[in-house]
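Everything below concerns the one structure shown next.
The values are calculated or read from the model by the stated rules, or taken from the named source; none is laboratory data. In this text the structure is predicted, and so the values were computed from the model without any measurement. When we count neighbours, we look across all protein chains shown, and the Cβ atoms used for this are built from the backbone with ideal geometry, even at glycine. Note: accessible area is taken over every heavy atom of the protein model, side chains too, but ligands, DNA and RNA are not part of it. Shrake-Rupley method; radii C 1.70, N 1.55, O 1.52, S 1.80 Å.
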Amino acid sequence: MKVAVVGATGEVGRMFLRLFEEYNLINEIQELRLFASERSKGQKIKVGSKHYIVEKLEEEKMKEKYDYILFSAGGSVSEKFASIAEKAGNVVIDNSSFFRMKENIPLVVPEINGDILKGYKGIIANPNCSTIQMVLALNNIYRSLIIKEIVVSTYQAVSGAGNKGLMELINQQQGNTEIKHFPKMINNNVIPIIGDILESGFTKEEEKMIEETKKIFDDKKIKIYPTTVRVPVLYGHSESIFFRTEKDASVNELIELIEKTPNVKYSEEYISPIEVAGTDYTYVSRLRKPEEKTFLMWVIADNIRVGAATNAIRILLKHKELNSI
Ligand SMILES: NC(=O)c1ccc[n+]([C@@H]2O[C@H](COP(=O)([O-])OP(=O)(O)OC[C@H]3O[C@@H](n4cnc5c(N)ncnc54)[C@H](OP(=O)(O)O)[C@@H]3O)[C@@H](O)[C@H]2O)c1
């Protein structure tokens, strides 16, 4: 296969490269090209046993024929360059939010709706990190009991804001009080705003959780009320989820439904971000049923892996399998 990674020097991009090794894809990739901005041109990155040189992203390079191009360089880079790559006949897996809500672009969590990739060519959108772990945890409950409403509060790691987010917390932990990326100090603090605030009062991140969940479940009526919060954690997003269903079930039946989704695990012990960082599972714990058809649970996943890179690699593998590439 010929594969390219755009944004190869970033948090998500570097994780793609690690996953090529972990998922043994590197042996099937005959040509691997790494792209980033002018700043990183010439940087050497080791993948498997070989070193690769980072190239500056340019239009002409996106017009070449690849089997897969993975984008994780932000919305404006995807808007311009993923469109060029698509026009050249390439399959693009995009991590930015730019194409997610476009009508003809599939928004894919392979364990849920991967089958829509059969025969598909073009741009495939990877959902937002907070959406992916929530829909994975709820998928089979939604299918069996019909979820009518969800109230979710997130506790999102600083790595969700990329390299800059990570460095800001690390610098502040070392005594530097400069605020560059987050709206307030993140060290020893909690910030209940992620992304711009919209006219509705919800933030951009909250709107993503609402609209993307509706698209993935193909349900315009489901009600979703999120509050997205940044916390001083390096890796691993946590979510407190309250939901009401149309049909009733016992807690044990719910556990069975949760465990039926691949890559989702239920735990009797509560799970915290430190335990999930570096894993490819979504963990559900603290399941409660205070009244009929009403449930609460605690859901955690590694945001860079499950919430971004691993989901993209799973999209690649599913697309490859369904289309015999
Ligand atoms: N972090 C997460 O949890 C997460 C989850 C889901 C989705 N995403 C999405 O994934 C994307 C990347 O996130 P990240 O966390 O990996 O960010 P990051 O650590 O800041 O990395 C950004 C990458 O994009 C490259 N880049 C920036 N401007 C560019 C340009 N003009 N041309 C070419 N390359 C350019 C950077 O290259 P240089 O090194 O040369 O600057 C770097 O490789 C974003 O769209 C983000 O929304 C992130």
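Quick rundown of the values:
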item	result
Filter result (of a type outside the set (A, V, I, L, M, F, W, C) and crowded, with 17+ Cβ neighbours inside 10 Å) within region 192-207	203, 205, 206, 207
Residue, surrounded by the most Cβ atoms within 10 Å (Cβ to Cβ), within region 214-235, restricted to residues that are out of contact with any Ser or Thr (no Cβ under 6 Å at 6 or more places or on another chain) and closer than 20 Å to residue 98 by Cα	216
Residue in region 170-192 that is away from the ligand (no atom under 13 Å from the Cβ), more than 19 Å from the chain's Cα centre (by Cα), closer than 25 Å to residue 259 by Cα and not in a helix (DSSP H, G or I) present	no
Positions within region 19-45 being among the polar types (S, T, N, Q) and either part of a loop (DSSP other than H, G, I, E, B) or open to solvent by 40 Å² or more (accessible area, probe 1.4 Å) (or both), in sequence order	24, 27, 30, 37, 43
Residues of region 119-130 satisfying the condition of being open to solvent by 20 Å² or more (accessible area, probe 1.4 Å) and part of a loop (DSSP other than H, G, I, E, B)	119, 120, 121
Residue 10 at positive phi, open to solvent by 10 Å² or more (accessible area, probe 1.4 Å), touching a residue at least 60 places away in the same chain (Cβ under 8 Å) and within 13 Å of the ligand (Cβ to nearest atom)	no
Residue among 150, 116, 112 that is away from the ligand (no atom under 14 Å from the Cβ), open to solvent by less than 10 Å² (accessible area, probe 1.4 Å) and outside any loop (DSSP other than H, G, I, E, B)	150
Residue count for region 61-95, restricted to those that are in a helix (DSSP H, G or I), near the ligand (Cβ under 8 Å from one of its atoms) and crowded, with 18+ Cβ neighbours inside 10 Å	3
Flag for residue 100 being surrounded by 15 or more Cβ atoms within 10 Å (Cβ to Cβ), assigned to a helix (DSSP H, G or I) and either within 9 Å of the ligand (Cβ to nearest atom) or at pLDDT 95 or above (or both)	no
Selection count where residues are more than 17 Å from residue 90 (Cβ to Cβ) and either within 11 Å of the ligand (Cβ to nearest atom) or aromatic (Phe, Trp, Tyr) (or both), scope region 18-44	10
